[in-house]
1. Excluding Asp72 itself, calculate the net charge of residues whose Cβ lies under 11 Å from the Cβ of Asp72, where each Lys or Arg counts +1 and each Asp or Glu counts -1.
2. By per-residue mean of other Cβ atoms within 10 Å, what is the highest-first order of 204-216, 128-140?
3. So, counting K/R as plus one and D/E as minus one, what does the shell of residues with Cβ under 14 Å around Tyr18 add up to?
4. What trypsin sites (Lys or Arg not before Pro) does the range 1-59 have in DSSP loop regions with at most 11 other beta carbons within 10 Å?
5. How would you rank 232-240, 217-225, highest first, on the average number of other Cβ atoms within 10 Å across their residues?
6. Among Lys93/Lys192; Lys93/Lys180; Lys3/Lys192, which pairs are too far apart, with a Cα-Cα distance over 27 Å?
7. Arranged from highest to lowest average of other beta-carbon atoms within 10 Å per residue, in what order do the peptides 172-184, 45-57 appear?
8. How big is the accessible area of Tyr185 in square angstrom, nearest 10, if you roll a 1.4 angstrom probe over the protein chains?
Amino acid sequence: MSKRNIALIGATIVSIIYGVTFTIAKDVMPKYIDAYGFILLRVGGSVLLFWAVWLVMRLLKIGTFEKIETNDFPRIIVCAFFGVALNMLSFFKGLSMTSPISAAVIMVCTPLIVLVLSAIIIKEKMRKRKVFGIFLGLFGTSFLILYGKSVGDTSSASLGNFLVLVNAISYGFYLVIVKKLMDKYNAFTFVKWIYLFGFIMVLPFGWSQFQSVDWAIVPTDILWKIGFVVVFSTFFTYLLNLLSMRELNPTLVAVFVYLQPLFATVFAIGLGKDKLDWVKISAAILIFSGVYLVTAKKKEQSLKSF
């Protein structure tokens with residue numbers, strides 16, 4: 001199997017995990033822990049995991065460990081702001097105020113944002129086939145949300161949806177600026193620093209909410225869901241995304257966001273909370289067709305860094 005196909009499989013696994021996360025995270029907040037407190041827990045747990053794995057790999061001499069150049073730390077700090085702090089704070093706060101599926105569909109703005117940013121910043125060529133695929137996926141996802149059965153909105157849904165949009169823009173910018181680090185260093189060389197700086201940034205927002213959690217009344221199943229978000233939705237998916245970006249350009253990685261509402265719906269059906277109908281089947285065909293058009297192998301101009 002080629003490295004490109006392995007990267008595509010990795011990006012698909014990320015979409016599956018994120019699709020499940022929309023529902024799992026919604027079960028945790030704001031009932032048991034508020035959004036910013038949950039983010040502090042999520043980022044703090046991931047910091048420990050990234051540094052622990054890096055230390056074990058270093059002791060066992062697994063992989064290469066380059067020294068980060070001083071002039072790359074400003075880029076790492078910017079990545080921490082857009083890829084961890086602003087991204088996660090806006091997403092979890094928005095998710096706590098709106099429905100999981102509404103949040104999922106707004107996330108499909110990410111590929112469009114990345115496409116525009118990539119064209120402006122790193123001069124990535126926007127081929128007609130790729131643009132058509134992105135819009136086809138956007139149409140399919142919008143069709144799924146507008147005409148499919150979904151969770152009812154809350155009174156703060158508009159603000160929640162706006163915050164999820166802020167998250168999509170932030171994550172899109174992160175995918176573009178992190179590319180140069182991926183081309184230069186091993187993932188574990190810099191990702192631990194991104195999360196450490198990100199943790200420092202979210203600490204002022206989440207500390208009071210984290211302290212106010214009454215862990216004695218938190219059910220065991222909720223603790224497992226919190227663990228899932230920290231280990232799989234953050235640590236594992238972050239690594240898979242970075243590894244995928246070694247073989248795929250930012251726009252291609254971002255287009256897999258289109259699969260998240262689809263997997264979120266499949267997860268709900270599996271739990272008996274939704275049903276399969278012609279709307280979802282039609283939307284699935286449109287979404288997968290859009291992803292295929294963007295991921296289809298074709299000679300691309302080399303990606304430039306800035």
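1. +2
2. Ranking the peptides 204-216, 128-140 by packing returns 128-140, 204-216.
3. +2
4. Within the range 1-59, the qualifying trypsin sites (Lys or Arg not before Pro) (loop, at most 11 other Cβ atoms within 10 Å) are Lys31.
5. Answer by packing, highest mean first, reads 232-240, 217-225.
6. Lys93/Lys180
7. 172-184, 45-57
8. Surface accessible to solvent at Tyr185 totals approximately 10 Å².
The values are calculated or read from the model by the stated rules, or taken from the named source; none is laboratory data. All figures in this text were calculated on a predicted structure; none of them were measured in a lab. Here Cβ is always computed from backbone atoms with ideal geometry, including for glycine, and neighbour counts include all displayed protein chains. Accessible surface is based on the protein model in full, side chains and every heavy atom, while ligands, DNA and RNA are left aside. Shrake-Rupley method; radii C 1.70, N 1.55, O 1.52, S 1.80 Å.
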